[in-house]
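No lab work stands behind these numbers, since they all come straight from the coordinates. Note that this is a predicted model, so its numbers are computed, not measured. Reconstructed Cβ throughout: ideal geometry from the backbone, glycine too, with neighbour counts over all protein chains shown.
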Amino acid sequence: MPAVNDALDRLAAAADAGAAPDAADLEAVLASADAELMDVVAAAARLRFRHFGNTVKLNYLVNLKSGLCPEDCGYCSQRLGSKADVLKYTWLSPEQAAEQAAAGVAGGASRVCLVSSGRGPTDLDVERVGKTIAAVKNAAPGVEVCACLGLLKGGQAERLAELGADAYNHNLNTSEDTYAEICSTHTFADRVDTVNAAHGAGLSPCSGLIAGMGESDADLVSVALGLRELDVDSIPVNFLLPFDGTPLEGTWELDPRRCLRILAMVRLANPSAEVRLAAGREVHLRQMQSLALQIVNSVFLGDYLTSEGQAAKDDLALIADAGLVPLGLESAPEAVREAVRPRKRGAGTEVAPNA
Ligand code: SF4
């Protein structure tokens, strides 16, 4: 394993040259020691600021159709046979979806992601989503819309582009070698085909991963380099939320430093891609979310598909404290200052100390 500072030098040189990074150097980033963590974050931060300046893209998810999926992705609370306590409902109407999206846009989101559970849409579903895209864009002119509807069949990506979708998300999730361990009802190649179909239809390709599912460092590097090969524009990085009632229940492998190394590795592998901090960030990064903003240039605001995220005001405070500016706003949100609270407990009082 190369020493991490040598690896970071080579990764920086590869980024400068627009060359593919070496997998062993990316693995060295994941294997780095806690004492080297700031070197790793700094190397990734240089690329983040070079390509995106001080901006943060805020994305807002609307789950158009939740639960009861016939597929068996092991990480997913909406999978076949899931006992997870999640909302289950069929398609929101275009008006209902637009109302949800408007809340996210009012909170600062510049991209709305319209998501549905299921293997993939029927042609009728695609038309229905087209009406929803129109309703979202009417209510919030200028907003980008990303559709995330599962595996696409011939012609569906083109039709979504005609109907006004700007982007299409379909995550690779994990490496090709381990894909069969997390899903038996479709293949890694099926997912690659859909990402390529979206790209070919002129939709901005968005595809990412989930960390913390038992994969190795080599698997994480493999999926990060796979996304580079697919030339995706944006990469959501999710950290597994091991819902009770799913096969990965009880799988807790991540800690905040590991999450930072994973984000940095993805950034170093894909210097100019939008790297999005996605589901699981509150649970796994906890107090280190502010450091993650030095690496990623994008976050999901609000709630996730089946789990609750932190309050939007807390996200805006994190962004303001980092001196970053949400895309579409001219200046950073105002920092929230806590009032100074004189001590009235502990030494010199009869009140229990703060310990
Ligand atoms: S296809 Fe999508 S909704 Fe269905 S189980 Fe897999 S990840 Fe979940």
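Going by average Cβ density within 10 Å per residue, which order do the peptides 313-319, 87-93 take, highest to lowest? It would help to have the intermediate numbers written out before the result.
On the way: 313-319: 18.7, 87-93: 13.6.
Put in order of decreasing packing, that is 313-319, 87-93.
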(request) List the residues of the range 270-293 whose backbone N lies under 18 Å from a point placed 7 Å from the Cα of GLN310 along the Cα-to-Cβ direction. (result) 276-293
(message) If I build a Gaussian network model for the chain, linking alpha-carbon pairs within less than 10 angstrom, which residue out of ALA44, ALA264, ALA201 has the largest mean-square fluctuation?
(response) ALA201
(message) Test of understanding: extend the Cα→C-beta vector of ASN196 to 7 Å, then name every residue of the range 230-246 with backbone N under 15 Å from that spot.
(response) 230-232
(message) 5 Å is the cut-off here: which amide hydrogens, built 1.01 Å from N in the peptide plane, fall below it relative to ARG276, excluding neighbours closer than 5 in sequence?
(response) ILE235, VAL237
(message) Give me, ordered by chain and number, the residues 5 or more places off ARG119 or on other chains with an amide H under 5 Å from its own placed amide H.
(response) GLU71
(message) Mean-square fluctuation check for the chain, GNM, Cα pairs under 10 Å: which of LEU64, LEU80, LEU26 is largest?
(response) LEU80
(message) Just to confirm my numbers, what's the Cα centroid distance between the range 204-227 and the range 124-182 in Å?
(response) 20 Å
(request) Stick to the Cα atoms of the range 1-47, pair each with every other, and give me the Kirkwood hydrodynamic radius in Å at one decimal. (result) 10.5 Å
(message) Distance cut-off 22 Å, Cα to Cα: go down the list LYS57/LYS137; LYS57/LYS83; LYS313/LYS344; LYS131/LYS153 and report the pairs above it.
(response) LYS57/LYS83; LYS313/LYS344
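Loop only per DSSP, at most 15 neighbouring Cβ atoms within 10 Å: give me the chymotrypsin sites (Phe, Trp or Tyr not before Pro) in the range 152-256, ordered by residue number.
Values: sites: TYR168, TYR179, PHE188, PHE239, PHE243, TRP252; in loops: PHE243, TRP252.
Here the chymotrypsin sites (Phe, Trp or Tyr not before Pro) that fit, given the DSSP loop and packing criteria, are TRP252.
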(request) Enumerate the whole-percent occupancy of each 20 Å bin, from 0 to the last occupied one, for all C-alpha pair distances of the chain. (result) 30, 58, 12, 1
(message) Below 8 Å, C-alpha to C-alpha, sequence gap of six or more: please give me the relative contact order for the chain in percent.
(response) 20 percent
(message) For a Förster distance of 35 Å, can you work out the FRET efficiency between the beta-carbons of VAL340 and GLU253, rounded to the nearest 0.05?
(response) 0.30
